[in-house]
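What follows is a short report on a single structure.
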Amino acid sequence: MPRTHYTRPVLAGLTALTLAAPGAAAAQWAAPGDDSAWDLDISLILEGVYFNELSEGISDPAGFDDGHDHGHSHGHDHGHDHGFDDGFNLGHSELVFEANLGDLFDGVVMIGFDEDHLEVEEAYLVTRGLPAGFQVKAGRFLSDIGYINSRHVHDWDFVDRPLVNEFLFGDHGLQETGVQATWVAPTETYTQLGIELLQGDNSFIPYEGAGGSHSRDGDTIHSSFSDVSGPRLITAFAKFGPDLGPDHAAQFGISGGYADTWQQQTEHGSGLEEWDGDAWFAGIDAVYKYSSGRAYGHGDWRLQGEYFYREVDLDYQRRQFDTNHERHGITGSGTSKQDGLYIQGVYGFAPRWEAGLRAEALGLTNRGRIERDGLDTTVPSFGTSYRHSAQVTFRPVEPVFLRAQLSQNDFIDDHGHRDRGLEFLLQLNVALGAHGAHRF
Amino acid sequence: MFPRKTRRHLTRTFAAVVAATLLTLALLPAQAAAGLNIVATTSSLGVLAREIGADQAEVRVLAPPDRDAHYLDARPSFMAALRRADMLLELGAGLEEGWLPAAQRGANNRAINSGQPGHFRGADQVELRRSITMDGPNMGHVHAEGNPHFNSDPLRLAELALALGQRMGELRPEHADTFMERAEHTAERLRAHAEALAEQVAPDQRIVVYHEDLDYLEEWLPVEVVGYLEPAPGIPPTARHLRRLVGDLEGTEGTVLYAEFQPPRGAEFLERNLGWPTHAVPLDPPADAGLDGYLELMSTWAQTLPQR
């Protein structure tokens, strides 16, 4: 497929700028003391989770089984969405390395692990020396879309990821390899604009590429997908934070993304099903924090909410095996439209103690992936799933917290059947070592 | 079969246009500010910058003076202020480590990066007292470089004023002499006032403080810190710790001092059981204070103690 590669020179240009600009700046000043030397900070975040399903409901919300399980390189094959087993779990622990090259670059490597998996969650360089409020990040990182997507478990107010983030973007959120450029405006109100060029191979946009085939009894169906070189996903975001004085702080964000390639296939005994298309998403997020000025977080408030909507525009085809090489098939087109939101609040009801509530809805609009319906195709429509959670957190010392959470799932399944489940989670999270500063 | 080439083409064109726009913006000349735009983490540092910079500086203080500067959020408004700053003043030595690095990183401003002349870190300029966190068990609140709360020490602030005057002069050479003159004047006034107050306070005072944030009073007033209300830094007073403190101090005279944002219960317990007077004091002058505001604060600290 002939293609125009605008992105190559763009990426090369960004990289060159990244490398050249701070180098020029560095020559101007040699810092006194040793704070410009190689400096490696290591921190270890250990988490333990006790999980207990008090009453069993529906394990997966309707309409979201397509991108969620497939195309996920290290599938959490536990029976439900958390990936927690009944009883004790190691949870999600992290080993974090941070180093800087003078004031030119910060390098960050974040390795996440649980009992069975070890994964490089983030590994990136971020510039510190670009002029005019620019910053470039390159490597593997959590996308800065929305609010919670770029935050790690240690910074969350609840044990688990919000449903909308988990089911629209995956078990790890939108975690990708690519380049990010941000610009902070020189204004009184904090204004950050950012754009990301990402490879595009994740739960939000599965990718197969050309060359696949499926055979049975000497008959081979060749995949109809074409290779599409990355970046296949482009995102943009804007964040605003007005100055509200010493007691209040807020940040509002809008973000969106477009993926030019969405490829998925399912192999059957009778043939091959393929979905090929593109996708986009958009969302808004808001965070408000109240600081009471009292010690140990007593009287503080945090409110946070996000809404995301996505559309996947798909061409569907199903081809049957046939030894006479007369291919029977079904084709069709349809658009999946899904969304979700959560809103949560946390209050410091006593020194070092906080309590929070979270309400979530997934699939307020819930048109699923196009599928076969007899000899025709249909875009299935599903109901909305809800979840309500309450938590109490105790922080005995600064880097440690113990959190108890009760979650009621009110999920609907693919057949419109609704049921409630109740889960209890107890989380112990400890940060050891040179634990970095927290973002807002 | 799948006619999506056009859309793919458009995505890449869009990416190219956005990148080109960003590059153009990057090449726009930065606004040349007449005065120095200075952001200080605490109001004590703000005082110095205001006194030395006068009309040639615009000073913004991040930490509200009635809050614990250890525990702040890296607010968007902080990042917006740092984005436009020519200079960042911090006490350093871990005091602001919970939030300032994140705010610095989010500000995308090379001028205030660690290691740049626009980044002025107080702890690099003065010798710090040993922090009690260096000897105790590691409870996650360790000041390995020393006690960073030297904003309660006018003598160290005087040293800092001189270093700051010099640094501001390096950034604005045309005002270097004026800055240095004002810095010397500021240092003189701080030292003179400290000396005067030290002579008014009755000798050999003993104080119990909440956190190690008033330890530096020992450096310029005739006082000795004989105990802390916190069992370990960052951990609120426990009944057991307070009883032991009362046991140790039974029959002696002294004063309990704590910051206005710290809970008063521990101090009240000592007042009941030892009969020591207690005082909640500010740790920093008001956010917009000049040197007079800091001198007044020094008097407030000194006047909590018995006078000659």
- Taking residue A:314 as the residue in question, decide whether it is in a strand (DSSP E or B) and within 22 Å of residue A:160 (Cβ to Cβ). no
- Name every residue in segment B:107-125 that is farther than 11 Å from residue B:88 by Cα and more than 7 Å from every other protein chain (Cβ to nearest Cβ), in order of residue number. B:123, B:125
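Select, from A:379, A:397, A:430, A:392, the only residue that is within 14 Å of another protein chain (Cβ to nearest Cβ), without any contact (Cβ under 8 Å) to a residue 60 or more places away in the chain and more than 22 Å from the chain's Cα centre (by Cα).
A:397
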- Single match in A:142, A:197, A:174 (criterion: crowded, with 24+ Cβ neighbours inside 10 Å, within 16 Å of the chain's Cα centre (by Cα) and away from chain B (no Cβ under 13 Å)): A:174
- Query: How many residues does segment A:372-418 hold that are at pLDDT below 90 and buried (at least 19 other Cβ atoms within 10 Å of the Cβ)?
  - Reply: 2
- Message: Taking the condition of being more than 8 Å from chain B (Cβ to nearest Cβ), more than 30 Å from residue A:221 (Cβ to Cβ) and surrounded by 19 or more Cβ atoms within 10 Å (Cβ to Cβ), how many residues in segment A:257-295 meet it?
- Response: 5
- Query: Since residue A:107 meets every condition but one in (1) crowded, with 20+ Cβ neighbours inside 10 Å; (2) at pLDDT 85 or above; (3) more than 22 Å from residue A:161 (Cβ to Cβ), which condition does it not meet?
  - Reply: (1)
- Message: Between a residue in segment A:280-298 that is within 30 Å of residue B:230 (Cα to Cα) and any residue that is assigned to a strand (DSSP E or B) and small (Gly, Ala, Ser), which pairs come within a Cβ distance under 7 Å, given they are 6 or more apart or on different chains?
- Response: A:289/A:249; A:297/A:348; A:298/A:348; A:298/A:350
- Determine, yes or no, whether residue A:342 is among the aromatic types (Phe, Trp, Tyr) and within 25 Å of residue A:62 (Cβ to Cβ). yes
- Note on the structure: Flagged in segment B:40-66 as surrounded by 23 or more Cβ atoms within 10 Å (Cβ to Cβ), within 14 Å of chain A (Cβ to nearest Cβ) and touching a Gly at 6+ places or on another chain (Cβ under 7 Å), in numbering order, are B:61
- Going by the conditions given, is residue B:90 within 26 Å of residue B:288 (Cβ to Cβ), at pLDDT below 95, in contact with an Asp or Glu (Cβ under 7 Å, 6 or more places away or on another chain) and of a type in the set (D, E, K, R)? no
- Query: With A:249, A:236 as the choices, which residue is touching a helix residue (DSSP H, G or I) at 6+ places or on another chain (Cβ under 7 Å) and among the hydrophobic types (A, V, I, L, M, F, W, C)?
  - Reply: A:249
- Item | So residue A:421, is it in contact with a Ser or Thr (Cβ under 6 Å, 6 or more places away or on another chain), in a strand (DSSP E or B), under 30 Å from residue A:215 (Cα atoms) and at pLDDT 90 or above | no
- Select from segment B:74-96 the residues that are charged (D, E, K, R) and outside any strand (DSSP E or B) and write down the one among them that is farthest from the other protein chains (Cβ to nearest Cβ). B:86
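Might you let me know whether segment A:403-423 holds any residue that is of a type outside the set (D, E, K, R), within 14 Å of chain B (Cβ to nearest Cβ) and either touching a strand residue (DSSP E or B) at 6+ places or on another chain (Cβ under 8 Å) or in contact (Cβ under 8 Å) with a residue 12 or more places away in the chain (or both)?
The answer is no; no qualifying residue exists.
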- Message: When you scan segment A:206-214, do you find a residue that is within 19 Å of the chain's Cα centre (by Cα) and either more than 14 Å from chain B (Cβ to nearest Cβ) or farther than 20 Å from residue B:78 by Cα (or both), even just one?
- Response: yes
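Each row is one residue, and each column tells you yes or no for (1) among the polar types (S, T, N, Q); (2) more than 30 Å from residue B:77 (Cβ to Cβ).
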position: A:377; (1), (2): yes, yes
position: A:386; (1), (2): no, yes
position: A:395; (1), (2): no, no
position: A:410; (1), (2): no, yes
position: A:435; (1), (2): no, no
- With respect to residue A:363, determine if the residue is assigned to a strand (DSSP E or B), crowded, with 16+ Cβ neighbours inside 10 Å, in contact (Cβ under 8 Å) with a residue 40 or more places away in the chain and under 21 Å from the mean Cα position of the chain (by Cα). yes
- Message: Given (1) assigned to a strand (DSSP E or B); (2) at pLDDT below 90, identify the lone condition not met by residue A:196.
- Response: (2)
- Would you check which residues across segment A:296-311 are within 14 Å of another protein chain (Cβ to nearest Cβ) and in a strand (DSSP E or B) and list them? A:301, A:302, A:303, A:304, A:311
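The values are calculated or read from the model by the stated rules, or taken from the named source; none is laboratory data. Keep in mind that what you see is a predicted model, and the values were worked out from it rather than measured. Every residue, glycine among them, receives a Cβ derived from its backbone with ideal geometry; neighbour counts consider all protein chains shown.
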